[in-house]
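Scroll down for the structure; my scribbles are underneath it.
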Amino acid sequence: MTTSDEESFLSHFGALDELIQLIYQGPSKFVVLSSVNDAGWTVHLGLTGTSGRWWKGTWTEKDVNKFVGHVSGKLEDAFAENLAKAVLEGQLYVGDWSTEKGAKIDLTVGTAAKAPVHIPLTEMEPQDAAAYAASVFSEIASQAQDRQCKLHPPAFQSRSSRPVSPPPAKTAGVKRKAEEKEKRTAKEHEFHHSPSKAKGKAKSDVSHEEEDERAQAKIKELEAKLAKAEEQAKQKAPTSQSKAENKLASRAKTNGSGIRTAKGASLANPNKKARKIQAIEFEDD
């Protein structure tokens, strides 16, 4: 396989790189790790428990062409994405499983597909298996640096689990805030320990007290004016009442028909109407 073919394979099968999944098959539990490099697509199968055995299988460009034929780059991308989806969904199965040494087993990817992929697996030597496991744990330890070297991220952020040092991306901002805080502390120290600044602070305090006293005096003055105005209003109230009483008395002098009695008129006949005298008749007459 040429270098261009290797690069093409790596670019199209990148979706299968750095995947990990678990397989529960009967009483056995397996871990599957998928990786892609220039050599092809490689899967590692590890048996958990006291055995600690590892198997390895690789697919190259030749194996891909044998399975799907010579296809375009877009079809290779789609093929790799379908395989990655099968790994994520757990469509995995260990075929011809046997605990015997040197047994020919394979990893089936895409158990729900019409044409699943079968990758032959070969058991690794104990030394090679130990070296591979050490490299995996080295990557895990490198990624754990961002979470205070914890193997697993904390379920909740507590004070004890907060990182001692900030992440590199935020170091500049935190450093700038620390410098600003130091500057403020230095200015406050200079302010409190400088005689001239202390004197100026005392003057400032005195001026604030004078302003408060002036404001209180102004409030008292306004309250006095308001009280005086209310007193004057109370004094004017009886005069208005007497005027109303005089007006009612004037109306009372009028008769029932509303005609006012003329000045100097007789009270017996105020309207000066003509009187008619009628003779008294007796029965003898």
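Residues in region 128-157 that are farther than 21 Å from GLY46 by Cα and in a loop (DSSP other than H, G, I, E, B): GLN148, CYS149, LYS150, PRO153, PRO154, ALA155, PHE156, GLN157.
I need the strands (runs of 3 or more DSSP E) fully contained in region 1-119, keeping only those with at least 3 residues that are surrounded by fewer than 18 Cβ atoms within 10 Å (Cβ to Cβ) and within 46 Å of the chain's Cα centre (by Cα). Even if it seems obvious, please write down each step before you answer.
Values: elements: 19-25, 28-37, 40-47, 53-59, 92-95, 105-109.
Correct list: 19-25, 28-37.
Every number here is computed from the coordinates shown, using simple stated rules; none is lab data. None of these values were measured; they are calculated from a predicted model. Here the Cβ is made from the backbone with ideal geometry for all residues, glycine too, and neighbour counts use every protein chain on show.
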